[in-house]
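Taking it in order: structure first as structure tokens, then the write-up.
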There are 2 protein chains.
Amino acid sequence: MGESVDELSRLLAQPSVAAQNLGIEECAELVAGALKARGFSVSIMPTGGSPVVFGERKGQGDATLISYNHYDVQPAEPLELWDSPPFEPTLRDGRLYARGVSDNKGNFTARLHAIDAILDREGELPCNVKFIVEGEEEIGSVNLEPFVKANKDLLAGDVCVWEVGGVDHENAPIQMLGLRGICYVELRVRTAIRDVHSGTGGSIFPNAAWRLVWALSTLKDPYENILLPGFYDSVIPPTPREKELLAQLPDMRAHYREVYGLEGFLKGVDDPLELAIQAVYQPTCTICGLNSGYQGEGSKTVLPAEASAKVDFRLVPDQRPQQVLAQLREHLDAHGFSDIEIVYLGGNPGAKTDPDHPAVGLAVRAAEDVYDKPTRINPMIGGSGPNFMFQEYLGVPIISNGANDADSRAHAPNESISLDLYAKAAKHFARILMLMRDY
Amino acid sequence: MGESVDELSRLLAQPSVAAQNLGIEECAELVAGALKARGFSVSIMPTGGSPVVFGERKGQGDATLISYNHYDVQPAEPLELWDSPPFEPTLRDGRLYARGVSDNKGNFTARLHAIDAILDREGELPCNVKFIVEGEEEIGSVNLEPFVKANKDLLAGDVCVWEVGGVDHENAPIQMLGLRGICYVELRVRTAIRDVHSGTGGSIFPNAAWRLVWALSTLKDPYENILLPGFYDSVIPPTPREKELLAQLPDMRAHYREVYGLEGFLKGVDDPLELAIQAVYQPTCTICGLNSGYQGEGSKTVLPAEASAKVDFRLVPDQRPQQVLAQLREHLDAHGFSDIEIVYLGGNPGAKTDPDHPAVGLAVRAAEDVYDKPTRINPMIGGSGPNFMFQEYLGVPIISNGANDADSRAHAPNESISLDLYAKAAKHFARILMLMRDY
């Protein structure tokens, strides 16, 4: 496994932050090289944004497994909260730390490691394997939909293994079957061409920070009701089967309380099943960032001319990002905030795979003997990704799993994976491939 | 004048940002040295914060003139908007650019230049002169009040010339007689011990940015009504004499529209006198800064655990900062925001000098022949400073003037003064000193 971890470390040392357009081309080349080294025929395909690395290798059976991964990572900021530099992979106590190690570079190289093991032993793959490795997942896969639509035949397959997953905080492996959608926007307002002394302007000049605060405060009330017109109209509740699966998932309350120092949860919910349902079957409106005026030490008496907020709506089936954008514009205009500009930074609808699909059973069987505990099935998670377009254009069932655990801290400082789980994730993927021979 | 500008440039090259505790001691030494060079007996006096530089020199007459100045400056950020580095004084088209050149280092050295001229010609000063040069004006003079109170006899005098002023945008010299008070706070909230992925937490975790936005939105409504309990109770309107003086001030509307790119003014006010009254006789609640979560390029799907806002209340007589702090705490608690911490960053009550005081007449007479236009009297300006404690403990009339003009951009990037006005301000101060001989 040492060689595989070395390969992963090289990939991690290459920053690839799509939001900052940092190291994207270089990282795509590394990914392409890794696939070529396993005998895949590889293309670096343009999309208008970050390229998609596509690799294909024929196997014994007729069935085709698609692995969807991404080589871009979240921004590493705030840098001062990292114990070791985010792009210098560091091993401590059996865990490898670096930005992107859990989301998603580690899962990608664990799958390559599985392929190496099979090729070593068998000389060929048990099924056809296609890798679709994109470079804009962390910014909402903004250019992927036309790419998938235009390359339906090239990308086609029977089962898709999604980028991310692992074990829950009780160390039980999880197969995840759905993702929420997302609509990510930046709200911007400018009230003057320059800042002014707050003593001069405070009583008579418009203030961008106030305009932003007032506009935001109309979007969601302190009881967590999102106030866009028609926002909840197309929200559908979980099915009975989904509720049954959610009830088998572990109680997350104590874990969240401890890791995040929470006193309680929104809306005062405290029943584990209710919490699990609220966590993913309700859409959100999250302020991810606020920016205006002076933010340094002490005081500066300035009236800011500009203000902005990053706002992320998580969507449940059947909400659509374009719908939300239209509702947002309508809402802001109706409340007197036509001066607030909406910049769309990306989005996808949500989608989920039927828990009774045979491909789900295959992934569950493949996990037997690899992990110490029985596999759990999570019908939908809170995060997002472009699974909607794979279901829409390729018609494949999608199962998501990987090498992550409850300490992985995806999107946060000190992101990491356990090397023990890395080996297990590789083994699980190898077994999925072997079972695909007869799919 | 070249030597005086050289001296000013050396002072400007020494950063002295009280908010960032940057260069304070070094700048105090420079100020002390400049006063000693003019034969002043000088003490660098501790206050618990930045020291006060006190200098005194006896003159012919019995009367004592106090010059109040400050050697600290506003933070220079945002640095990218400066055409030349803020702490590298640069001369362009007859203007000197640097942080602090208009507020307040230029006014300080202009007064030294006046003293040099008198000493050259007369060999002694016409009256006693005391310089009180503090180092925390830009952070609300947080340690000055106990200092003034404890040193009443040392600091005593007959007339105080305040730190700042100059000509208005029609190039008429202004004598300013009052300042609003200020209460500057930082509002902080923390909802968890670390940030979380917005997909995981959006529906169930509290969000610090939302808490802050909701709390702020209760402080002031979009019609500019400040909603703290009792906030307007002690506000007193302008006197008839003040209104008369305000009516003689120039119409600022076109100037503000052009320089700041404004379409109109708050509350739709468009009458020049009404605007002048609203600008300074109403208290404010200004958001000076907002800070939470991700503020970089593109999107980051994070739910922030921390958020903060800088908020500046400008106060009119007879409001008091401690009163406002109590009202703010009471208001936040009553609206369910006990989780919002209030950090007091400094403040003063407002104060004003009677426009019919003989000292005002003296300053007006001294300006005759120096400036091309007759002097105007501004009974109160929108800015703040510690004039209240000088009136309270020293009982002096206070007149504020200096070398600034409408292009000076105090507190903003590209702060500057005109060297022509610098010479005029020095001349005006010299004439004030000469008239003080018979005061």
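The values are calculated or read from the model by the stated rules, or taken from the named source; none is laboratory data. Predicted model, so just to flag it, every value in this text is computed and none were measured. Cβ placement follows ideal geometry from the backbone for every residue including glycine, while neighbour counts extend to all protein chains displayed. Remember, those area values only see protein heavy atoms, side chains included, never the ligands or the DNA or RNA. Shrake-Rupley method; radii C 1.70, N 1.55, O 1.52, S 1.80 Å.
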Accessible area in square angstrom per residue, the range B:105-184, 1.4 angstrom probe: 27
GluC sites (Glu not before Pro) within the range A:184-284: DSSP coil, no more than 15 neighbouring Cβ in 10 Å: A:Glu263
Overall form of the range A:1-137 per C-alpha gyration tensor (a/c, 1.5; a/b vs b/c): oblate
The range B:37-77-the range B:302-359 distance, computed between alpha-carbon centres (Å): 29
Label point 7 Å beyond Cα along the C-beta direction, distances from A:Lys373 to other copies (nm, shortest first): 7.8
Sites matching GluC sites (Glu not before Pro) across the range A:330-368 that sit in DSSP coil, with at most 13 neighbouring C-beta atoms within 10 Å: A:Glu368
Degrees, to the nearest 10: B:272-281 long Cα axis against longest axis of chain B: 80
Size of the A/B contact, given as accessible area buried on both chains, probe 1.4 Å, in Å²: 7200
For A:Glu26, inter-copy label distances in nm, listed shortest first [label point 7 Å out on the Cα-Cβ vector]: 3.5
Residues along the range A:169-196 losing 30 Å² or more of accessible surface when the other protein chains are present rather than the chain by itself (probe 1.4 Å): A:Tyr184, A:Ile193, A:Arg194, A:Asp195
Extreme residue, positive dipole direction of the protein assembly as shown, given options B:Ala334, B:Val364, B:Gly293 (C-beta unit charges): B:Ala334
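Which value results when the Cα radius of gyration for the range B:345-415 is divided by 2.2 N^0.38 Å?
1.29
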Cross-link reach list, lysines versus A:Lys105, counting only Cα pairs under 22 Å and skipping chain neighbours closer than eight places: A:Lys36, A:Lys130, A:Lys424, A:Lys427, B:Lys300
Under 26 Å from the Cα of B:Lys243 - lysines, other chains or at least 8 residues apart: B:Lys267, B:Lys352, B:Lys373
Prolate/oblate/rounded label for the range B:71-135 (Cα gyration tensor, a/c 1.5): oblate
Helix axis angle, A:321-334 relative to chain A longest principal axis, alpha carbon, degrees: 10
Mean Cα-pair separation over length for the range B:218-306, i.e. relative contact order, pairs under 8 Å, 6 or more apart, %: 27
Distance in nm between pseudo-label sites at A:Asn21 and A:Tyr232 (7 Å out along the Cβ direction from Cα): 4.2
Where the range A:344-411 is the region considered: accessible area per residue in Å², 1.4 Å probe: 34
Translational diffusion of the range A:202-279, µm² s⁻¹ [Kirkwood Rh, Cα pairs; Stokes-Einstein; 4 °C; 1.567 mPa s]: 81
Geometric extent, Cα atoms of the range A:125-195 - Rg, Dmax (angstrom): 19.1, 65
The range A:67-185, dipole about Cα centre (Lys/Arg Cβ +1, Asp/Glu Cβ -1), debye to the nearest 20: 220
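For the range A:192-295, which chymotrypsin sites (Phe, Trp or Tyr not before Pro) are both in a DSSP coil and crowded by at most 16 other Cβ atoms within 10 Å?
Those satisfying the criteria are A:Tyr223, A:Tyr232.
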Across the identical copies, how the B:Glu124 labels are spaced - nm, sorted shortest first, 7 Å along Cα→Cβ: 11.3
Whole-number percent relative contact order across chain A, with pairs defined as alpha carbons under 8 Å at least 6 apart: 27
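Name the shape class, rounded, prolate or oblate, that the alpha-carbon gyration tensor gives for the protein assembly as shown, where a ≥ b ≥ c are the square roots of its eigenvalues, rounded holds for a/c under 1.5, and otherwise prolate holds if a/b is larger than b/c and oblate otherwise.
prolate
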Accessible-area order (highest first, 1.4 angstrom probe) of the listed residues A:Met389, B:Met176: B:Met176, A:Met389
Antiparallel bridges, percent of DSSP beta bridges restricted to the protein assembly as shown (to nearest 5): 70
Whole-angstrom gap from the range B:12-30 to the range A:371-439, using each part's C-alpha centre: 56
Accessible area of the range A:221-326 divided out per residue, in Å², using a probe of 1.4 angstrom: 41
Check: chain A dipole with +1 on Lys, Arg Cβ and -1 on Asp, Glu Cβ, in debye: 440
Debye log10 I(q)/I(0) at q = 0.12 Å⁻¹ for chain B, Cα point scatterers: -1.04
Lys/Arg +1, Asp/Glu -1 at C-beta; chain B dipole; positive extreme among B:Leu125, B:Tyr439, B:Phe147: B:Phe147
Degrees between helix A:419-436 axis and first principal axis of chain A (Cα, 0 to 90, nearest 10): 60
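Return the percentage of antiparallel bridges among DSSP beta bridges fully within chain B, rounded to the nearest 5 %.
70
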1.4 Å probe, heavy atoms, protein only - residues of the range A:294-334 losing at least 20 Å² accessible area vs chain alone: A:Tyr294, A:Gln295, A:Glu297, A:Gly298, A:Ser299, A:Lys300, A:Thr301, A:Val302, A:Lys310, A:Arg314
The range B:221-380 - convex hull of alpha carbons, volume per residue in Å³: 188
Chain A - percent of accessible surface contributed by carbon and sulfur, probe 1.4 Å: 48
Test item: Cα-centred dipole of the protein assembly as shown, Lys/Arg +1 and Asp/Glu -1 on Cβ, debye: 280
Those residues of the range B:407-438 for which accessible area with every protein chain present is at least 30 Å² below the isolated value (1.4 Å probe): B:Arg409, B:His411
Amide H partners (placed H, <5 Å) of A:Ser67, local residues excluded: A:Lys130, A:Phe131, A:Ile132, A:Val161
